Amino acid sequence: MEASDPPGKELVLILEFEVERSIVNGLILNNIHKSFGEKQALAGVSFTIQHSEIFALLGPSGCGKSTLLSIIAGLVEPDKGEVFWKGTNLEGVPAYQRRFGLMFQDLALFPHLSVEKNIAFGLQMDGWKSPDVEKRVLEMLDLVNLSSERIRDVSTLSGGEKQRIALARTLAPMPELLMLDEPLGATDRTLRETLLLDLRRILEKLDQTVLYVTHDQEEAFAIADRVVILDAGKVMQTGTPRDVYQKPASTFVARFLGLNNLFKAEPLPEKAAMKTVLGEIPFRGGLDKPATVLLRPDAVQPGAGGPVTLDGELTACSFRGSICRSTIYIDGLTFTFDFPINTELPEPGSRMPISFDPDNALQVFYEK
Amino acid sequence: MDGDCSAVNKRRRPDSRFFSKKPELRTLLLWLAPLLFLLLFYFLPMGSILELSLSRGDTAALQDVIQTLFSDSIRDIVAFTFGQALLSTFLTLVIGLPGAYLFARFRFRGKSILRALMGIPFVLPTLVVAAAFNALLGPRGWVNLGLMQTFNLAAPPIAFNNTLAAILLAHIFYNTTIVLRTVGDYWSSLDPRLPQAARMLGANPVQAFSRITLPLLSPAIAAAALLVFLFDFTSFGVILLLGGPQYVTLEVEIYLQTVGYLNLPLAAALSLLQLACTLALTILYTRLSGKIQQPVERKSAEITQRVPRGKQRIFTALILIILVSLLLSPLAALAVRSVTRLDPERRQQSGFEKGITLDYYRALEENPRQSLFYVPPVQAVRNSLSYAVLTVLFTLALGLPASWALAYDHGSRLNRLLDPLLMLPIGTSAVTLGLGFIITLDQPPLDLRTSAILIPLAHTLVAFPFVVRSLTPSLRSIQPRLREAASMLGASPWKVFLRIDAPLIGRAVLVAAAFAFAISMGEFGATALIARPEFPTIPIVIYRFLAQPGGMNYGQAMALSTILMVTTGGGILAIEKLRFEEIGSF
């Protein structure tokens, strides 16, 4: 609480939190702090994961994702803040008693145990009887389509097989919360796509609460119901993939999502427009103060005809399935636009006009 | 859902917080028993020995001690102690490293039995080693006898006893197995694809070795070299029996001052000097190993070992010939000597039968003079075995928590403080240790002087640092992620240890147990001082036989040495067998 807060605000916050705590049937993180020596890894992280939601934790490497995961898992204690699961504070509950599953980035398959025994490990820890263990192991192997590899030595498995066995091992004891740390981290692109589809199929089938950690926004968007974006130990934005992509909360989030068409803009007093390096652009309501403006890559048409038309030089065009990602050089700035694949484009190096509706295509970020 | 919440609450246990939250506290708890043991059976005896010897002398005597300590003769002794230890360690590595490579990377027939046989020199009492070398290279040894017979010489052509070469050879003989095991075991679990990757990146074989394999091996090599050096540094019996009067190390000087001149103040001062040297070495080693130790993925022997082909067969044969002739020929000479009669018995000047005989063995069960206090040597074998089993149990019970603390809380302040202290018993003269036990443990509440438990306790003290040293690198090399993964799958810290650490360090535990067993079977210095006459160990009885004149006594000493060789070899073979099966289950 800062000194300038009005009295009673703290009480309101506490009440609000208690209400949330009683409603949320999943995971609540409340103001988590963690430092390692001088370096602050997490600076007050709060978010909520609902029951049976697939929730992605997204951020560049070094943003504090792994630390946060370890704190939720119970492998690391936070300096400050609480983790609640189904309304219960997990402080002091060690990792092995939380009933959370964590699939590690480096998988951590036990080298001295067979595939079968790796999967059975969590079940044995949970005190399952051996016929049940056997049944569950077969079920899990079936789920990940590796029934034939039951007695293999884990060191002889391929990368993709290891990944699926690690998933099966994590899922076997029916964790209340499934955490996946960069599950597709080290795999090649083709394998990634297949595994991502597999993973989605498996997770949808299970109706499981999932925390999916990744640095890859496409992966997060493909799999998650909601995402949180973390940077430098702070929450940047939370929302559905669509919301986050359509309304990034800051220039950081925009850049992180690959929305790089950013430029500076100044207010023009008494005018519904802004002053930019691209010239004067009409904008409903004008600007209150200097800002950074995002020109959305998907809201721009090739050719003249929109409310605002600009002239630039097409420098490159790369084919991306249904779209063509075009790089266009306008007034000393490089922009990237996604045009439908059937668009007729001139040869790279030629000049071409583009046009957009500023009220739809522009998004304004005021500096804090 | 409320049911789930209460289930979470019920599973909360206050004690589990010690393990997840307070690493320093966990370290302390793990150290508790080992520390208590060291305090009672090491620091207390050492403290009282110093107190006794230093306070007894008046200031003039103390000045005298200090003056002697800085004299030329002591300086020469220190220089010789360091010099011979360095040279011995270097030669041991030169012989041992190719052997370690051979055992780590190749499969060949008779490997496990050879490996077991090569562990035998390490467990032999110095008296037996001296006897074995005598039986091979001494004036009446097989080699000299053979040469004399072949070339019709009047005198033995090879002068072996009382030379530096004898000392070095005996040290190599003793310690090569440390290099073979410590480095070999580590090497065998290193991924052979790493140097191969270096080769693919354009490194020649020498570069691949020096840039990839050697740095990866360095923790194991450093550990082995340190152990070998400490052994050579504190070497006692070899120097005394094979080096003769002109070669004196610190340890020998301590013994001479204690037993020979009863100059306890000087002996204590020399012990302090020796302790300071070993402590400095140990601190250096701890610093070094902290820097170079990193978790390495262990590979099973199936992946890392292959059958030698082409030139590799020549290499294999060459190394095996060197190792066998160096390590096994004295043993063979000893065994053959134990069943061969060369000299006449007393009062039997003529007409004795030369040749193969089992008389020496038969005599071990007899009580020739019907003496009341005579213990048949067979009983000594039983004593030694029980002491060794107890020592293995004690050292593992104390060594496992200590190495667990060292491996888990790497870099904790407590560990940095305690780690060097562990090595102190190795650097302490066995004679001093035994003396300390007698002085300290003869009054309540610890009146153990008449108790047979004193011997396994002393052996545990000697073996404990070895066990910790061989377990810790192995525990450390387990990827921490594996423990976290087990923990996430619901394994409590104890279960994590049982299901992850224990199977993964199974090999190392067996090696450690073998070492402890061997040390206990062969320990002589401390045992000589504390053993009760009615509970002798095998080395004590061998010493008694060797101290008495006559071919029969010499023969019985040879026979008993052979029995010691066979029992310890059998123990190590059993462990090899376990090892083999354990690897099979990977």
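This table checks each residue for (1) hydrophobic (A, V, I, L, M, F, W, C); (2) outside the structural domain of A:I119 (by TED's automatic domain parsing); (3) surrounded by 15 or more Cβ atoms within 10 Å (Cβ to Cβ).
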site	(1), (2), (3)
A:L138	yes, no, no
A:L141	yes, no, yes
A:V144	yes, no, yes
A:S147	no, no, no
A:V154	yes, no, yes
A:G160	no, no, yes
A:T170	no, no, yes
A:L178	yes, no, yes
A:L184	yes, no, yes
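Would you pick out the residues in region A:61-94 that are closer than 25 Å to A:E38 by Cβ and basic (K, R)? Hits for region A:61-94 are A:K65, A:K80.
Checked across region A:30-53, the condition of being part of a strand (DSSP E or B), more than 9 Å from every other protein chain (Cβ to nearest Cβ) and of a type in the set (D, E, K, R) holds for at least one residue. Of all residues in region A:73-99, those being touching a Cys at 6+ places or on another chain (Cβ under 9 Å) and charged (D, E, K, R) number 1. Scanning region B:196-224 for residues that are modelled with pLDDT under 75 and in a helix (DSSP H, G or I) yields B:Q196, B:A197, B:A198, B:R199, B:M200.
Taken together, B:L273, B:L262, B:L281, B:L318 contain a single residue that is surrounded by fewer than 22 Cβ atoms within 10 Å (Cβ to Cβ), part of a helix (DSSP H, G or I) and at pLDDT below 80, which is B:L281.
Cβ separations smaller than 9 Å between residues 6+ apart or across chains give the following pairs from region A:70-85 residues that are away from chain B (no Cβ under 11 Å) to residues that are assigned to a strand (DSSP E or B) and charged (D, E, K, R): A:I71/A:K34; A:P78/A:K34; A:D79/A:K34; A:K80/A:K34; A:G81/A:K34.
For region A:194-213, the criterion of being more than 26 Å from A:L113 (Cα to Cα), out of contact with any helix residue (DSSP H, G or I) (no Cβ under 9 Å at 6 or more places or on another chain) and assigned to a loop (DSSP other than H, G, I, E, B) is satisfied by at least one residue.
Within region A:86-104, restricting attention to residues that are among the aliphatic types (A, V, I, L, M) and without any contact (Cβ under 8 Å) to a residue 24 or more places away in the chain, the residue that is nearest to A:L171 (Cα to Cα) is A:A95.
Answer yes or no: is there a residue in region B:124-146 that is among the β-branched types (V, I, T), surrounded by 15 or more Cβ atoms within 10 Å (Cβ to Cβ) and free of Cβ contacts under 8 Å to residues at least 24 places away in the same chain. Write out each step before concluding.
Restricting attention to region B:124-146, the residues satisfying the condition of being among the β-branched types (V, I, T) are B:126, B:128-129, B:143.
From what's left, surrounded by 15 or more Cβ atoms within 10 Å (Cβ to Cβ): B:126, B:128-129, B:143.
Retained after the next criterion (residues that are free of Cβ contacts under 8 Å to residues at least 24 places away in the same chain): B:143.
Yes, region B:124-146 contains a residue that is among the β-branched types (V, I, T), surrounded by 15 or more Cβ atoms within 10 Å (Cβ to Cβ) and free of Cβ contacts under 8 Å to residues at least 24 places away in the same chain.
Test of understanding: among A:A220, A:A249, which residue is within 30 Å of A:E280 (Cβ to Cβ) and either crowded, with 20+ Cβ neighbours inside 10 Å or at pLDDT 90 or above (or both)? Can you show your working first?
On the way: A:A220 fails: within 30 Å of A:E280 (Cβ to Cβ).
Exactly one of A:A220, A:A249 is within 30 Å of A:E280 (Cβ to Cβ) and either crowded, with 20+ Cβ neighbours inside 10 Å or at pLDDT 90 or above (or both), namely A:A249.
When residues of region A:280-317 are filtered for being closer than 17 Å to A:V364 by Cβ and not aromatic (F, W, Y), how many remain?
Number satisfying all stated conditions: 21.
Results for (1) assigned by TED's automatic domain parsing to the domain that holds A:E313; (2) farther than 30 Å from A:D243 by Cβ; (3) not acidic (D, E), shown as yes or no for each residue.
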| position | (1), (2), (3) |
| --- | --- |
| A:T334 | yes, no, yes |
| A:F339 | yes, no, yes |
| A:E347 | yes, yes, no |
| A:R351 | yes, yes, yes |
| A:D359 | yes, no, no |
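Within region B:90-107, the only residue that satisfies the criterion of being surrounded by fewer than 18 Cβ atoms within 10 Å (Cβ to Cβ) and aromatic (F, W, Y) is B:F90.
Residues in region B:163-186: is at least one assigned to a loop (DSSP other than H, G, I, E, B) and aliphatic (A, V, I, L, M)? Within region B:163-186 (the criterion being assigned to a loop (DSSP other than H, G, I, E, B) and aliphatic (A, V, I, L, M)), the answer is no, since none of the residues qualifies.
Each row is one residue, and each column tells you yes or no for (1) in a helix (DSSP H, G or I); (2) hydroxyl-bearing (S, T, Y); (3) more than 13 Å from chain A (Cβ to nearest Cβ).
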{"position": "B:I478", "(1), (2), (3)": "no, no, no"}
{"position": "B:L482", "(1), (2), (3)": "yes, no, no"}
{"position": "B:G490", "(1), (2), (3)": "no, no, no"}
{"position": "B:F497", "(1), (2), (3)": "yes, no, no"}
{"position": "B:L504", "(1), (2), (3)": "yes, no, no"}
{"position": "B:L510", "(1), (2), (3)": "yes, no, yes"}
{"position": "B:S520", "(1), (2), (3)": "yes, yes, yes"}
{"position": "B:T527", "(1), (2), (3)": "yes, yes, yes"}
{"position": "B:N553", "(1), (2), (3)": "yes, no, yes"}
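Taking region A:86-108 as the range and being at the interface with another protein chain (Cβ under 7 Å from one of its Cβ atoms) and either of a type in the set (G, A, S) or over 22 Å from A:E182 (Cα atoms) (or both) as the test, the residues that pass are A:K86, A:G87, A:T88, A:G92, A:V93, A:P94, A:A95, A:Q97, A:G101, A:A108.
This table checks each residue for (1) out of contact with any Leu (no Cβ under 7 Å at 6 or more places or on another chain); (2) of a type in the set (F, W, Y); (3) under 19 Å from A:L177 (Cα atoms).
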site: A:E18; (1), (2), (3): yes, no, no
site: A:R21; (1), (2), (3): yes, no, yes
site: A:I32; (1), (2), (3): no, no, yes
site: A:Q50; (1), (2), (3): yes, no, yes
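Pick out the one residue from A:T327, A:T334, A:T292 that is in contact with a strand residue (DSSP E or B) (Cβ under 8 Å, 6 or more places away or on another chain), of a type in the set (S, T, N, Q), free of Cβ contacts under 8 Å to residues at least 24 places away in the same chain and surrounded by 16 or more Cβ atoms within 10 Å (Cβ to Cβ). Give the steps one after another, and end with the answer.
Details: A:T334 fails: surrounded by 16 or more Cβ atoms within 10 Å (Cβ to Cβ); A:T292 fails: free of Cβ contacts under 8 Å to residues at least 24 places away in the same chain.
The unique qualifying residue is A:T327.
A single entry from A:E347, A:E270, A:E266 fulfils the requirement of being in contact with a strand residue (DSSP E or B) (Cβ under 6 Å, 6 or more places away or on another chain) and of a type outside the set (S, T, Y): A:E266. Of the set (1) closer than 15 Å to B:A531 by Cβ; (2) modelled with pLDDT of 75 or more; (3) touching a Pro at 6+ places or on another chain (Cβ under 9 Å), all apply to B:P456 but (3).
If I ask for residues that are assigned to a strand (DSSP E or B) and crowded, with 16+ Cβ neighbours inside 10 Å, which ones from region A:264-281 would you list?
Those that are assigned to a strand (DSSP E or B) and crowded, with 16+ Cβ neighbours inside 10 Å: A:A265, A:P267, A:A273, A:M274, A:K275, A:T276, A:I281.
Matching residues to (1) under 23 Å from B:L435 (Cα atoms); (2) modelled with pLDDT of 70 or more; (3) not acidic (D, E):
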position	(1), (2), (3)
B:I530	yes, yes, yes
B:Q556	no, yes, yes
B:L560	no, yes, yes
B:S585	no, no, yes
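The values are calculated or read from the model by the stated rules, or taken from the named source; none is laboratory data. Bear in mind the structure is a predicted one, so any value in this text is a computation, not a measurement. Please note: Cβ atoms are built from the backbone with ideal geometry, for glycine as well, and neighbour counts cover all protein chains shown.
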